[in-house]
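The numbers here are math on the coordinates, done by the rules we state, and not lab data. Not measured: the values here are computed from a predicted model. Cβ atoms come from the backbone with ideal geometry, glycine included; neighbour counts cover every protein chain shown.
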Amino acid sequence: MHEAARRALGRFLRTRRERLTPEAVGLPRVGRRRTRGLRREEVAELSGVSVSWYTWLEQGRDINVSRQVLGAVAAALAMSASERRHLYLLAGELPPESGPARELGHLRDVVARLWPQPSCLRDAHWDLLDWNPAEAALFTDFAALPPHRRNMLWLMFGWRPMRRLLVDWEVHARHLLAQFHALADRKPTDTRFAEVVAGLRETDADFRCWWERYDVAAFEPVHREYRHPRVGALRLRTTKLLAAEDVDVQIITRAPADAESADRMRALTR
């Protein structure tokens with residue numbers, strides 16, 4: 001962690017500690033307390049760490065902090081989901097997965113209103129959560145696919161018509177795979193990432209070969225050209241929008257890059 005991040009982490013922990021009472025975390029109140037909230041030794045005891053280590057953490061010292069210890073400290077300080085997420089981010093760690101089911105109604109409405117631009121809603125694994133009729137018209141009827149196949153990486157490699165539909169398929173497929181590889185590496189124990197990769201390794205030789213190359217990339221807005229069997233050439237610019245309340249939920253939208261593509265996209269969705 002950078003020094004400024006360590007100081008911010010220490011300040012955050014101190015404020016969380018000072019707002020709690022012993023009774024709130026199941027400890028007895030013994031004698032007169034000169035400090036507000038919990039004592040550092042009480043947080044250390046609840047977290048299963050030494051007093052000196054926890055003190056160094058609050059002081060912003062350069063010490064190693066594991067995900068397991070972060071979780072124990074967050075539990076000891078009775079942190080909310082938002083506070084826990086902030087704690088992990090300050091420590092330079094990926095936040096744990098959120099427990100409650102997502103409320104996506106407002107995002108589904110956004111996807112619907114982006115028509116006639118092909119648009120979809122996807123999660124961290126690139127599984128499709130929703131899509132508008134233009135997205136289905138561009139690609140396929142996703143509702144007819146088995147749920148585990150409604151995935152954007154599977155669509156690129158496992159859905160065979162994509163290789164005819166997408167001009168320069170190999171270039172775009174390899175770049176998309178590099179993005180997915182980078183994401184999957186950040187969550188090595190995530191079973192859904194492993195499931196998507198295992199399924200495509202078994203069924204697609206190109207995927208198997210390129211996966212072993214270990215290319216990684218970040219998302220970039222990109223123009224893609226499609227040769228659609230119904231309306232012909234389409235040039236679309238792909239953009240990713242993140243939901244502020246949950247960045248693992250993303251809207252992917254494909255805007256026409258020229259007037260001709262816009263006209264053809266409207267014809268496709270009539």
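List Ser66, Ser47, Ser119 from most exposed to least, where exposure is judged by having the fewest other Cβ atoms within 10 Å.
Least crowded to most crowded, the residues run Ser66, Ser47, Ser119.
Tell me, what is the percent relative contact order of the range 3-90, built from C-alpha pairs under 8 Å that lie six or more residues apart?
In percent, rounded to a whole number, it is 38.
Working only with C-alpha atoms, what are the Rg and Dmax values of the range 105-268, expressed in angstrom?
When restricted to the Cα atoms of the range 105-268, Rg and Dmax are 15.4, 46 Å.
Can you sort Arg186, Arg17, Arg192 from fewest to most other Cβ atoms within 10 Å of each residue's own Cβ?
Lowest count first: Arg186, Arg192, Arg17.
Over the chain, what is the relative contact order in percent, taking alpha-carbon pairs closer than 8 angstrom and at least six residues apart?
Dividing the mean separation by the residue count of the chain yields 15 percent.
Once you charge only the Cβ atoms, +1 for Lys and Arg and -1 for Asp and Glu, what is the size of the charge dipole of the chain about its Cα centre, to the nearest 20 debye?
With only Lys, Arg, Asp and Glu charged at Cβ, the dipole is about 740 debye.
With θ set to phi - 60° and the Karplus curve 6.51 cos²θ - 1.76 cosθ + 1.60, what are the ³J(HN,Hα) couplings of the range 219-224 in order, to the nearest whole Hz, using x for Gly and Pro?
Listing the rounded values in order: 5, 9, x, 9, 8, 10 Hz.
Once you put a point 7 Å from the Cα of Asp215 and another 7 Å from the Cα of Glu103, both along the Cβ direction, what distance in nm separates them?
Simple spin-label model gives 4.2 nm for this pair.
Taking amide hydrogens as modeled 1.01 Å from N in the peptide plane, which residues meet the under 5 Å criterion relative to Asn132, leaving out close sequence neighbours?
Here the answer is Ser119, since their amide H atoms fall under 5 Å of that of Asn132.
Among Asp204, Asp263, Asp246, what is the fewest-to-most ranking by other Cβ atoms within 10 Å?
With the fewest neighbours first, Asp204, Asp263, Asp246 line up as Asp263, Asp246, Asp204.
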